[in-house]
Amino acid sequence: MTRATRRLSARKVETIRKPGYHADGEGLYLLVDPSGARRWAFIYHTHGKRREMGLGRMGLKEARETADEVRRQIRKGIDPITARRHDRSNTASIPTFEAIAAEVIADAQEGSTNDKVRYQWELLLGPRYCNSLLQKPINQITTLDIEQVLRPVWRSKPETGRKLLVRLRRVFDYARVHLRDRHGIVMPSNPAAWQDLRDRGFERISKLTRGRQAALDYLQAPEFLASTSQRQGIAARALEVTLLTGLRTGEVIGARWTEIDLERKTWVIPPERLKDRKTRTEPHRVPLSPQVVAILKALPRLGEFVFPGLKPGKPLSNMAMLSVLKDMNRDESGEPRWTDPKSGRSITPHGLRATFRTWGEDAGFPRELLEESLGHQIGTAVERAYRRTDSFDRRRAIMQAWADFCCGKLVGRRGIRSASRVKH
């Protein structure tokens, strides 16, 4: 097509008011509606019939480029309208990122008993971080699209960025097999592959800014427990039990009454609720101090869970204890009251495990007993095969000494020395 056939100019396209078809040349027309709205159409003839293909609203340059592509199809004997319908049909059958992500999320949640992990899968692959990807066909997403999602968090929230990248890779690995086996489509590469992101300037996260969980100074444990005991609510009681038992937050909030024998002061957590459930075959027996028993006895029985949540039949939310901590850390000065002495960050519920562990070491208790009190497996697989005890009675003495310390019966450094004299 020569330039002489291009009858319209950008100025004319913007200012023309007369309703009807306005030819640009060789089948391309600008349609002006009575309302003044403008759109483009391409008119051609096939098998003796006049056909009109709508091109939509766009600028003059883009309309001419689209018309050139239509003309190329016609020269090859392809009906452009039929071809477009076929392409749209194929695109519609290809799942979106949201659809594939939903299957990946469901699979990951089924394999985890940790409420926090289950929540993170939905959060990271949902609208908050992946909104720009959700409605795109999964095979049309590029590394540049992934870059757009990762850039806002890669440096400012490196832990979030790392977890997000891992989950994105899993979505596209899942999609690769899905498209190959169900649609016969080959995805040439994973758009979240590290090599391509590195070429776009991403640097590996060598040291996470989040680091270790912020822990309470154990010398502040009596004051902290006293402050917590003044608060009402299930979450405050769960926080007290977390401090006094050294258990993980997920193990505490997921506790069921059937696991706990208040008369024998024993809590037996089944293997499937433990973090190392894939390698552990034995339950974790937890000796309960009278202080913990008293807390549990005072709780109302509102179902199977010791710490029930707001929804019937569900345990307490993983964020409930953190919410209590944040509320406790609000004072008139605006400075947090309970902080990690090393990092200065506000403490976390999980950090209370480190508080207990540090106290136990300073008190002189054997490392193996402290590790087992935390629910860690001791020794190699061979050693564990020959070891037939969980040192339950010896650990009971440790947990009693810790509870006494937290309740102010053994105070300060003197209390540490007194605890160390407890029979190991």
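The values are calculated or read from the model by the stated rules, or taken from the named source; none is laboratory data. Model, not experiment: these values are computed from the prediction. In this analysis, Cβ positions are derived from the backbone assuming ideal geometry, glycine residues included, and neighbour counts consider all displayed protein chains. Accessible surface areas use protein heavy atoms only, side chains included; no ligands, DNA or RNA. Shrake-Rupley method; radii C 1.70, N 1.55, O 1.52, S 1.80 Å.
Annotations for the structure displayed:
- Candidate set from region 237-256 (those that are assigned to a loop (DSSP other than H, G, I, E, B) and of a type outside the set (Gly, Ala, Ser)); member that is least open to solvent (accessible area, probe 1.4 Å): 247
- Scoring residue 173 on the criteria (1) in a helix (DSSP H, G or I); (2) open to solvent by less than 20 Å² (accessible area, probe 1.4 Å); (3) closer than 21 Å to residue 100 by Cβ leaves a single failure, condition (2).
- Residue ID - nearest to residue 139 (Cα to Cα), chosen from residues in region 182-206 that are open to solvent by 50 Å² or more (accessible area, probe 1.4 Å) and at pLDDT 85 or above: 189
- Residues located in region 116-142, provided they are open to solvent by 60 Å² or more (accessible area, probe 1.4 Å) and not β-branched (Val, Ile, Thr): 116, 118, 119, 122, 127, 128, 131, 135, 136, 140
- Of 259, 282, all but one fail to be touching a Pro at 6+ places or on another chain (Cβ under 9 Å), of a type outside the set (Ser, Thr, Tyr), modelled with pLDDT of 95 or more and farther than 17 Å from residue 349 by Cβ; the exception is 259.
- Residue 47, sole failed condition from (1) under 30 Å from residue 162 (Cβ atoms); (2) open to solvent by 50 Å² or more (accessible area, probe 1.4 Å): (1)
- A single member of 393, 331 is in a helix (DSSP H, G or I) and either at pLDDT 90 or above or under 31 Å from the mean Cα position of the chain (by Cα) (or both), and it is 393.
- Considered as a group, the residues in region 213-232 that are open to solvent by less than 40 Å² (accessible area, probe 1.4 Å) and small (Gly, Ala, Ser) include one that is nearest to the chain's Cα centre (by Cα), and that residue is 214.
- Selection count where residues are farther than 13 Å from residue 59 by Cα, surrounded by fewer than 12 Cβ atoms within 10 Å (Cβ to Cβ) and touching a residue at least 12 places away in the same chain (Cβ under 8 Å), scope region 1-19: 3
- The set of residues in region 42-61 being touching a Leu at 6+ places or on another chain (Cβ under 9 Å) and farther than 13 Å from residue 8 by Cβ consists of 42, 43, 54, 55.
- Single residue of 285, 301, 357, 353 found to be part of a strand (DSSP E or B) and either over 23 Å from residue 400 (Cα atoms) or touching a residue at least 60 places away in the same chain (Cβ under 8 Å) (or both): 285
- Scanning region 282-312 for residues that are within 21 Å of residue 396 (Cβ to Cβ) and open to solvent by 20 Å² or more (accessible area, probe 1.4 Å) gives 282, 283, 285, 290, 291, 294, 295, 297.
- For residue 186, the stated conditions hold: it is of a type in the set (Val, Ile, Thr) and in a loop (DSSP other than H, G, I, E, B).
- All positions within region 20-41 that are open to solvent by less than 40 Å² (accessible area, probe 1.4 Å) and either at pLDDT 95 or above or under 19 Å from residue 10 (Cβ atoms) (or both): 22, 23, 24, 25, 28, 30, 31, 32, 36, 37, 40, 41
- In region 56-109, the qualifying residues are those that are of a type in the set (Val, Ile, Thr), closer than 30 Å to residue 25 by Cα and part of a helix (DSSP H, G or I), and the one that is modelled with the lowest pLDDT is 82.
- In region 71-78 there is at least one residue matching the filter, namely being open to solvent by less than 60 Å² (accessible area, probe 1.4 Å), polar (S, T, N, Q), closer than 30 Å to residue 142 by Cα and touching a helix residue (DSSP H, G or I) at 6+ places or on another chain (Cβ under 8 Å).
- Residues in region 110-129 that are modelled with pLDDT under 90 and not aliphatic (A, V, I, L, M): 110, 111, 112, 113, 114, 115, 116, 118, 119.
- Of the residues making up region 257-274, those that are crowded, with 16+ Cβ neighbours inside 10 Å and within 22 Å of residue 321 (Cα to Cα) number 6.
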